[in-house]
Every structure is written in structure tokens, then in C-alpha cells.
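The values are calculated or read from the model by the stated rules, or taken from the named source; none is laboratory data. Because the structure is predicted, anything quoted here is derived from the model rather than measured. Heads up, the Cβs are rebuilt from the backbone with ideal geometry, glycines too, and the neighbour counts pull from every protein chain shown. Note: accessible area is taken over every heavy atom of the protein model, side chains too, but ligands, DNA and RNA are not part of it. Shrake-Rupley method; radii C 1.70, N 1.55, O 1.52, S 1.80 Å.
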Amino acid sequence: MSNDVAFFAEFSDGAPARSALELAAGAAELAEQSGGEAIALAYGPGAGDAGSLGAAGASRGIVLGDGPGPAIGHAMAAAAAVRELTPLAILSPATPNGRDLAAALIGLLGVPAFGPVRAARIEDGHLRTEQATLQGSVVTVSEPADGAPQPAIVLVLPSTFTPREGGTGTAAVTPAPASEAGSLGLAHVVESHPAEAAVANLEEAKVIVAGGRGVGSAEGFAQLEELAAALGGAVGASRAAADAGWVPYQLQIGQTGKVVKPALYVACGISGAIQHRVGMQTAENVLAINKDPDAPIGEFADLFVVGDLFAIVPKLTAEIRRRKGR
Amino acid sequence: MVCIKQVPATTAEKRYTADLRLDRAAAEAVINPLDEYAIEQALRLQEAGDVESVGYLSMGPEQAAEALRRALAMGGDDATLVTDPALPGADAWATARVLAAALDKMAPDVALMGMASDDARGSLVPGAVAALRGVPLLSYGSELRVEGSVARIRRLTADGFDILEAPLPVVASVTDQVGEPRYASLKGIMAAKRKPMETWSLADVGLSADELHGAALTRVVEARKPEAKPPTERVEDVNADEAVTRIVDWLTARKLV
Ligand SMILES: Cc1cc2nc3c(=O)[nH]c(=O)nc-3n(C[C@H](O)[C@H](O)[C@H](O)COP(=O)(O)OP(=O)(O)OC[C@H]3O[C@@H](n4cnc5c(N)ncnc54)[C@H](O)[C@@H]3O)c2cc1C
Ligand SMILES: Nc1ncnc2c1ncn2[C@@H]1O[C@H](COP(=O)(O)O)[C@@H](O)[C@H]1O
């Protein structure tokens, strides 16, 4: 058993995902607390370049595989690597891929799982995680039970850790010990349908202008696009807006969409249902524009403007542009 | 076989017991909302003739039988509840062990789950069950199809969607995009009363309390209310120009523009 802290580093199109950079910083932070090393468990197209994560905080990298298939196909390689390393903890992104890999390890290794968490630390050699349960009404602090085997697997929400900037160094990279993909490797992609237009990655946006049923149409969303552009942000949506077909599902925020943590979240024509709230409640600043003074979002927004979004949004866009001198 | 969990209703007030577990007796209990979508998907497959029968499996306290009865009222054939004094407080790992053991006995072509439970929110049980049973996982499907000896799902990607396929048997999980769950009809509710429901203990699925390590490898050491946010600032009864001024002032004060 070691004091090391490993993390799943997803690669796609030859580069580490944002989550890999965040978790590299997180693993380095925890490894410092435990007196161990931060070790990247890299998978996906480009994973061979895991050495580059040295600048992000990793001391070592292990390549689980660089195939493009579903992440769970790397589970047996991950289990083999983890059996050798027995790290104290593994940080896994709380994304579909990260959760599937983490879940498979729980089944294969019989180890404890935590999360999705929004804080984790090591105190006197013990892992402690903080998680908002029950749709945000209670925060719980958890730890491995006495005698639970290592590692503890921790699902980490986006933006829990901040990527390091200006780091240098290369992590030493080794392949994972030999293993068979087994039955978990049998699920495979038979068709791929990329969208025609690029879709924003909301998890990286500093500003999100989100629209709901109140936006009324795809044309209505064009007004939100303008406001988002003026603020240097991206457009998001409630499920009602995605269900209506006004925006692609990739822009849905909430329990079954993305979990986001921007510096500014502007909710336009969104009522603030609990399933939406769980996806955005950790945003640093929430501005809501809604014509219903009793909309639930008025109970947790920082600034709640009661009014018609079609009257306010274009004027707001113009005023912000004017101030920015454009 | 659809795996459903009984959870406290989203709107119900939640309380914790002295040992920091959710006080399930104090909250109104419902079928985990995302599992209703799994039920809907299974019933559509049965109606299309792609699967022969639909059964339900739940692990939980005795009152979880109500959730199974409600599922049977939506449709399907039979239900099984695994309940045991050793199970309250079960974490993702223990839950997966128990469900995998029960599924080993049932050997369904498809073990279908929701994408997440409302209370645990880990989305971990499907993948852990697949790993324990040694069968492929098709997760986060916005549609599931069963054709001959394979199952296929449609799954959202960063900018579009993929179709994934695996040979049966599989564990699959579906999202809330499969179609809105149906309501139980009065006829369905009456019919559900006569559908078979079995209750199994831990021993019935071949597990012992010792093996399950007190049902959890994790432990809650503290539960508290989240830090209170400062109260909402309200802007009301003003025209659009005034509203814009107030918004811009607020953004400026917070250095957001
Ligand atoms: C299992 C499950 C999972 C779910 N997951 C998600 C999820 O991930 N994300 C999500 O968002 N939802 C999710 N939902 C749905 C959620 O419960 C709500 O139905 C949804 O969020 C409502 O979207 P909305 O606020 O856009 O629409 P509504 O609730 O209809 O609200 C529209 C709002 O717009 C306001 N409005 C209308 N016109 C104007 C105008 N001109 N100017 C200003 N305001 C106006 C109205 O006052 C109203 O408050 C889920 C539901 C379930 C059951
Ligand atoms: N106690 C349980 N009984 C039956 N199915 C469960 C149970 N817990 C979780 N599941 C299934 O696993 C899915 C994911 O749950 P979770 O991993 O808790 O987010 C749920 O949507 C259910 O389909």
C-alpha cells in the first residue's frame, strides 16, 4: 500500500481533457498532504502523451490504452495497474466515462467509492470527502470505513480543482501491466454521428447564459447567444428548452445534463426546478431574469430581476457592448 | 429485469437519524424518478415484442415493496425484493454485490437501470454490477434496442451521438431521454395486486452479512446544512432600462464585466 494519489486522465483527439488537468492539480494537492506522488492513469486517443501531465501536477503516468472506445473498456487495465500501485485514493471525473470506469473498479476490486464530491483532502493520512447529498439540502463528510481496502475512489465534480498554470516538467510514463479487456471490453461503437456545428463545452465556460421554456423558440435563443458573446461566455439550457429542440441536449444543465460552476450564471426564463438547480447551484454568481415574482429561482439567485426577458436581454447586451467600447 | 430503487420524494423534507443515515421512515417514498424512465423503456421493448417479459428487482427495506407494486401497475410481469436486516445503509459497492448476486440467479438478457439514483447520485451501481457479473455495460442510453442476440444504445457524445452495441447478456442504463414514463391506469393498479412478488433474504442470494463488511466500505462522519448564501437581491416593478442599469451595476460591483 502506498500514499500515492492516482487520477483518471481522459484524452481525446490527442490532448488531455479539461478534467485531466483539474484532477492532476487535485491529485498533486492531495499527494502533498499524504506524502506520496500524483499518478496519472491515462486513457483515450493521445494517452501515450501522458508525460505532458507532468506540467499539470503528475509525477508519473501509466497508459491504460489509447483506443477511442468506451472508457469502461480500459477497466481491466486500470484494475491491473491499481493492484500494483495500491494508491491511497483515485480521483475520477464525475463524467459518464469517469463514473463507468470508477464503477467497474468498485466491482472488480471491492473498494469504497465517494461522491460526486466538491471537496476532498487528506488529514493525518485519512481521506475525507465532502458531498452535497439529497439535492443539495445536506452536506455530508465521509471517509473510508475501518478496514476498507485501498484505494478509495472519489468522483470529483467539474471545477472542484483548478488546473495549474505555467507548470513545467514531464511525468515518467510506463504502460499498464498486461491484461485482457474481458467482457467489459465487448461494448463498442458501431456508428458515430458528430453534429454539424461545434457544440460548446459548458464545463469550461466562465460565463453561462442559460435559457429555459420562457425563451420560447430557437430564435429566442439567438438573443441569448448575443448576450453570451458580449459577456464572453457560452449558452446553456434547461431540459424543457432542450426537449423542445431549441438547443442540443449537450447544452442541458442539471441532474441529467451538465454540472457547471461558472463565475457568472444568467438564467433567463428558467423556473429553477430542483433538477436544474443541482447542475448550477455552485455557480459563484447567479442572475435570474423571470417574469414570475414567485419563480423558485428567486429563492436562490443572487440577483433576481422580475421582468420580461425579451425586453431586458437585448438592452442588457447593448449596454454591455457599449461599456466594453465595441 | 429493471432494477428500481425506492427513494425519498424530491419534495419531501429529509431528516437524518442519530447515526447520520437518512431517516427513510420520515420521508414520503417514491420510485427513483430516473428508474421510471428505465421502466418505460423496458415496457416499450416488451410492447414491440423485442423482449418476452419484464420483471423488477429492488434492494431495500420492506416498504420498498410499495415501489415494486407501483412499477407493476405501470406494466410488466413480476417483482423481487431483496431485503435483510444487514442491508440498511448499503453503499454503491454493497448494493452492487447484492443486485449482482440476485441477477446471477435470474440470468436476464438485459439488467436495465436508471442513470442515477436521486439520493446516492453516484451512477455507480450499473457499472459495478456489470463488472461483478462479467457482462458488458451499455450506459447512459437515450434509447435501448434489443435485436436478436445483441443490445444497442444511442448515447450522447460531446457534440453528437454514437450507437454502441454489445452481445447479450448486458447491463444497461438509460437517461430521461427515452420517453416520458406512463402513468399507471386504474386497471393496471388492480392487475398489479395479482402479479407475483417474491421476497429474498441475503442468504437467498447466496451472500452473508460478513462478506458485505457491514453493508458499507464508506462512513458518514458529519452531516450539516450547507452554508447559507446571502439573501437574494430583488429588482422588481421597474422598467427595462432601470432593470438593465441595476444589472450592470451589480455585474460591475462583482467585477464580472
Ligand atoms: C428525472 C428528471 C430529471 C430532470 N433533469 C433535468 C435537468 O437536468 N435539467 C433541467 O433543467 N431540468 C431537468 N428536469 C426537468 C425539471 O423538473 C423542470 O421541468 C425543468 O427544469 C423546467 O424547465 P424551465 O425552467 O425551462 O421551464 P418552466 O418550469 O416551464 O419555467 C419557465 C419559466 O420561464 C418564465 N418565463 C416565461 N416567459 C418569460 C419571459 N418572457 N420573460 C421572463 N421569464 C419568462 C416563467 O415565469 C417560468 O418561471 C428533470 C426532470 C426529471 C423528472
Ligand atoms: N437499492 C437498489 N435496488 C435496485 N436498483 C438499484 C438500487 N440502487 C441503485 N439501483 C439502480 O442503479 C441505478 C443507479 O444508481 P446509483 O448508482 O445509486 O446512482 C439506479 O437508477 C437503479 O436502477
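Suppose we keep only residues that are at the interface with chain B (Cβ under 7 Å from one of its Cβ atoms) and of a type in the set (A, V, I, L, M) within the stretch A:298-309. Which one would you say is farthest from ligand 1 (Cβ to nearest atom)?
A:Leu303
Hey, among the residues in the stretch A:222-240 that are within 13 Å of ligand 1 (Cβ to nearest atom) and of a type in the set (A, V, I, L, M), which one's nearest to the other protein chains (Cβ to nearest Cβ)?
Once the filter is applied, the top-ranked residue is A:Ala240.
Quick one: A:Gln255 ticks every box in (1) surrounded by fewer than 17 Cβ atoms within 10 Å (Cβ to Cβ); (2) within 16 Å of ligand 2 (Cβ to nearest atom) except a single one, so which number is it?
(1)
Provide a single number: the residues in the stretch B:206-257 that are aromatic (Phe, Trp, Tyr) and part of a strand (DSSP E or B). Before the answer, list the steps.
First, the residues of the stretch B:206-257 that are aromatic (Phe, Trp, Tyr): B:250.
After this cut, where a residue has to be part of a strand (DSSP E or B) as well, the list is none.
Of the residues in that region, 0 qualify.
If you check B:Ala151 against the conditions, is it modelled with pLDDT of 95 or more and not in a loop (DSSP other than H, G, I, E, B)?
Yes.
Where in the stretch A:58-149 are there strands (runs of 3 or more DSSP E), lying fully within it, with 1 or more residues that are open to solvent by 10 Å² or more (accessible area, probe 1.4 Å)? Break it down stepwise before answering.
Values: elements: A:60-65, A:89-93, A:113-117, A:119-123, A:126-133, A:138-144.
In the stretch A:58-149, the matching strands (runs of 3 or more DSSP E) lie at A:60-65, A:113-117, A:119-123, A:126-133, A:138-144.
Tell me whether the stretch B:49-58 contains one or more residues that are open to solvent by less than 60 Å² (accessible area, probe 1.4 Å), away from ligand 2 (no atom under 12 Å from the Cβ) and β-branched (Val, Ile, Thr).
yes
Output the number of residues of the stretch B:145-160 satisfying the condition of being out of contact with any Asp or Glu (no Cβ under 9 Å at 6 or more places or on another chain) and under 17 Å from B:Met115 (Cα atoms).
1
Going by what's in this entry, would A:Ile312 be described as touching a residue at least 12 places away in the same chain (Cβ under 8 Å), at the interface with another protein chain (Cβ under 8 Å from one of its Cβ atoms) and more than 17 Å from B:Glu236 (Cβ to Cβ)?
no
Does B:Leu68 satisfy the condition of being open to solvent by less than 10 Å² (accessible area, probe 1.4 Å), under 19 Å from B:Thr10 (Cα atoms), away from ligand 1 (no atom under 16 Å from the Cβ) and not in a strand (DSSP E or B)?
yes
Only one residue in B:Arg154, B:Arg133, B:Arg219, B:Arg182 is at the interface with chain A (Cβ under 10 Å from one of its Cβ atoms), surrounded by 14 or more Cβ atoms within 10 Å (Cβ to Cβ) and in contact with a Gly (Cβ under 8 Å, 6 or more places away or on another chain), so which one is that?
B:Arg154
Conditions: (1) free of Cβ contacts under 8 Å to residues at least 24 places away in the same chain; (2) within 16 Å of ligand 1 (Cβ to nearest atom); (3) more than 16 Å from the chain's Cα centre (by Cα). B:Met74 meets all but one. Number of the miss?
That leaves (1) as the condition not met.
Collect the residues in the stretch A:260-275 that are over 19 Å from B:Lys255 (Cα atoms) and within 12 Å of another protein chain (Cβ to nearest Cβ), keeping them in residue-number order.
A:Cys268, A:Gly272, A:Ala273, A:Ile274, A:Gln275
Name every residue in the stretch A:258-271 that is assigned to a loop (DSSP other than H, G, I, E, B) and under 19 Å from A:Phe310 (Cβ atoms), in order of residue number.
Passing the criteria: A:Gly269, A:Ile270, A:Ser271.
For the stretch B:29-52, enumerate the residues that are out of contact with any helix residue (DSSP H, G or I) (no Cβ under 8 Å at 6 or more places or on another chain) and free of Cβ contacts under 8 Å to residues at least 60 places away in the same chain.
B:Gln46, B:Glu47, B:Ala48, B:Gly49
Consider the stretch B:136-148. How many of its residues are open to solvent by 10 Å² or more (accessible area, probe 1.4 Å), within 16 Å of ligand 2 (Cβ to nearest atom) and not in a loop (DSSP other than H, G, I, E, B)?
1
Just to be sure, is A:Pro177 in contact (Cβ under 8 Å) with a residue 40 or more places away in the chain and open to solvent by 10 Å² or more (accessible area, probe 1.4 Å)?
yes
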